[in-house]
Amino acid sequence: MTNLIEISGVSKRFGGVIANSQISLNVPEGGITGLIGPNGSGKTTLFNSVVGYHPIDEGSITFEGQEISRMRVPQIARLGLLRTFQQTRIYGKMNCMDNMMISVPQRRMPLARMFSKFPAEVIDRAEAILEFVGLYQKRMLPAGSLSFGQQKLLEFAMALINEPKVLLLDEPTAGINPTLINGLIDRLRRANEDFGITLFVIEHNMRVIMNLADNIYCLAHGEMLAHGTPEEIQNDQRVVDAYLGAH
Amino acid sequence: MTVARKRRISHAALLGHAAILVFGLVAPFVFPNYTFQIAMLWIMILFALTWDIMGGQMGYNSLGNILFFGAGMYISAVVQIGLVYDVAAYTSAFGGVKVDFTTAQYFTGIALGIVAAAIFCTLIAVIFGSMVFGLRGPYFAIGTLGVALAAGELVGGWDYVGGGGGISMPVYPGEPESRSLFFYSLCFVSAITTFGFLKWLYSGRFQTTINAIRDDEEKAEAMGIRTTRYKVVAWSIAAFFLGISGAIFGNMAGFIEPLEVAFPTVTFGIFMVVMSLLGGKGTLWGPVLGATLFHVIKEVTWTYLLGWQWVALGAIIIVNVVFFQQGILGWAQDKWPEFFGIVVDDKLSAKGAAAREAAE
């Protein structure tokens, strides 16, 4: 398997705080890669570095062999590298259908297309994906009126219609009730298998990430602590110590 | 929503459009004494509509849109005069050159002036847009306000266009009745054109995108949307129509000067905001409704509450902003969501819906 994202030697400081120090990891194409670590270990900072939210201090990040560490957020997004947010972000006053249709990829959009209507196949596709995540009935409601869990599903659906090559998910199951979590795991796996989207997932829920990912990286205190299959990570004493606070 | 219901609503909309068109066409003949006031109503509607592109639909509250109104006015004046006379001589002398426009010169001038105002205001929007779009929220409002205020002062110090003394516009070659009808038609056509254009603009990708910028610009960027491009185009569209309205208004007023007529930040500049908020920002009809209501209230208070008119307007603004933020249409949308298509669909899937619709 080739690597879609290659991160090597990336460091990021905020003033005196070293959020990431010499992080190297690879996200193989077609797989589901997990990223775990205690609170404040630098997972979201690493995500933000990858999608271009802030410049990195050193190191390199490549996507399909192309250096992206100096590119800006919309440029990177148009390459097909998309993220969802820990605090769910949807367009609150727009209805779900508009939320979906605005998320259709705009990679090579000529200027005149700005003023076009949405084609019928886009509408059909938006409806189909909303049905896939179970929000079809609520498609005409303002997205801001949905519950938190439903907003999370909507954000996931918006990411799917964007047809990214890689989807970076920042805690997809946080704040979702346990019965919905199973449905979400199932949908994430289907997005990976049926739509062929590579996933890179930050997750706190161990049960979820151990079931979902095929290889896992663990961060602690801004440094790479361990890497391996779910079984290896579960049995790694350093990971257990990091989570339970033993030093 | 059932097919019959949809048809009923579209019939109602059609009737509404027709009623407004008919009113606009017969108004100057039915109410000849109010032609100027009704012409001003169309300008107010244009103001509110163009402000709402940015302020309502895109969430960028500009306090400086009046810049384009004044710029359009001056651009048009310079073009109209410059076609026939040397502008500097015309504006400085007041009698130094003998001013006499033939009918043909007058109408060519006004036509070219309006076109030039539209084009140059669009250009100004593109240039200033790249400067002020780095600002967000209240900073954007203050930044644009600063630009508009500065523009008034700059023009006031520029002798080529008459400085603080202003410019007397070319005199209309005809009877007063035909003059007021001529300018009424220009105001009416420009407002209707603006409305029609925005109705078309708000029917597809453009509106959805600027709404997305309003709701969460960072998210829109993270999804790969070229937000700057949309912001600049949105402002340019507002500038285009405001430039036209400025060119018309300058000629209708007959005399233009920088602070009270061309760049009246605290009157027209604030009115456009208030009218959109009153009617319901972020909707197509809200600004139209708000402008109409506001203009009527304004004319009534000016007539019957003279001396207290500013207090009355201030009270409306306060009540609007404190108790009635969503505006008339926003309130209606909260009260009757089904009418605006905000419904839970009881059908479970898209395929089922399509099949059922076909069976109906």
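The values are calculated or read from the model by the stated rules, or taken from the named source; none is laboratory data. Keep in mind that what you see is a predicted model, and the values were worked out from it rather than measured. Using ideal geometry, Cβ is built from the backbone for each residue, glycine included, and neighbour counts are taken over all protein chains shown. Calculation scope for accessible area: heavy atoms of the full protein, side chains included, ligands and nucleic acids excluded. Shrake-Rupley method; radii C 1.70, N 1.55, O 1.52, S 1.80 Å.
Inter-part distance, segment A:78-110 to segment A:125-185, computed on C-alpha centroids, equals 12 Å.
Compute the Cα gyration tensor for segment B:11-68, then decide on rounded, prolate or oblate, letting a ≥ b ≥ c be the square roots of its eigenvalues: rounded whenever a/c is under 1.5, prolate when a/b is larger than b/c in the other cases, and oblate in all that remain. Oblate shape, in that a/c is at least 1.5 and b/c is the bigger or equal ratio. Going 7 Å from the Cα of A:GLN22 in the Cα-to-Cβ direction, what parts of segment A:51-88 have a backbone nitrogen less than 16 Å from that spot? Answer for segment A:51-88: A:57-60.
Here r is the Cβ-Cβ distance between A:GLU163 and A:HIS221 and R0 is 41 Å; the resulting FRET efficiency, rounded to 0.05, is 0.65. Given a 1.4 Å probe and the protein chains as shown, B:MET73 ends up with an accessible area of around 0 Å². Listed cross-link partners A:LYS138/A:LYS165; A:LYS93/A:LYS165; A:LYS138/B:LYS231; A:LYS93/A:LYS138; A:LYS12/A:LYS43 are compared with a 18 Å cut-off, the Cα-Cα value being larger for A:LYS138/A:LYS165; A:LYS93/A:LYS165; A:LYS138/B:LYS231.
Roughly how many Å² is the accessible area per residue of segment B:31-325, as a whole number, for a 1.4 Å probe? Numbers along the way, then the final one.
Working: 11660 Å² over 295 residues.
With all protein chains present, segment B:31-325 gives 40 Å² per residue.
Could you sort the peptides B:114-121, B:51-58 by per-residue average Cβ neighbour count (10 Å cutoff), highest mean leading?
Details: B:114-121: 22.0, B:51-58: 26.5.
For the peptides B:114-121, B:51-58, the packing ranking is B:51-58, B:114-121.
If Lys and Arg each add +1 and Asp and Glu each add -1, what is the summed charge of the other residues whose beta carbon sits under 13 Å from the beta carbon of B:PHE263? Local charge sum for B:PHE263: -3.
Rounded, prolate or oblate: which one fits segment B:190-337, using the alpha carbon gyration tensor with axes a ≥ b ≥ c (rounded when a/c is under 1.5, else prolate when a/b beats b/c, else oblate)? Oblate, since a/c reaches 1.5 and b/c is not below a/b. Looking at segment A:20-69, none of the chymotrypsin sites (Phe, Trp or Tyr not before Pro) sits in a DSSP loop with at most 10 other Cβ atoms within 10 Å of its own Cβ. On the basis of the beta-carbon distance and an R0 of 56 Å, B:LEU305 and A:ARG70 show a calculated FRET efficiency of 0.35.
DSSP loop (so not H, G, I, E, B), at most 14 other Cβ within 10 Å: list which trypsin sites (Lys or Arg not before Pro) in segment A:109-209 pass both filters. Here the sparse-neighbourhood loop sites are A:LYS117. If we count every other residue with Cβ under 15 angstrom of B:GLY246's Cβ, Lys/Arg +1 and Asp/Glu -1, where does the sum land? My count for the surroundings of B:GLY246 gives -2.
Per-residue surface analysis assigns B:ASP100 an accessible area of about 100 Å², computed on protein heavy atoms at 1.4 Å probe radius. Surface composition of the protein assembly as shown: carbon plus sulfur atoms contribute 62% of the solvent-accessible area (1.4 Å probe, protein chains only, all chains present). Computed with a 1.4 Å probe over protein heavy atoms only, the accessible surface of segment A:1-126 comes to 43 Å² per residue.
Excluding the sites themselves, what is the longest stretch of chain B that contains no trypsin sites (Lys or Arg not before Pro) in a DSSP loop with at most 13 other C-beta atoms within 10 Å? So the longest stretch without any such site is B:137-360.
Annotation: for a label point projected 7 angstrom from Cα along Cα→Cβ of B:LEU154, residues of segment B:242-258 with backbone N closer than 19 Å are B:242-244, B:246-247, B:257-258. Qualifying chymotrypsin sites (Phe, Trp or Tyr not before Pro) in segment A:106-192, where qualification requires a DSSP coil assignment and no more than 15 other C-beta atoms within 10 Å, are lacking entirely. Overall form of segment B:1-151: oblate. Here a/c, set by the Cα gyration tensor axes a ≥ b ≥ c, is 1.5 or more, and a/b is not larger than b/c.
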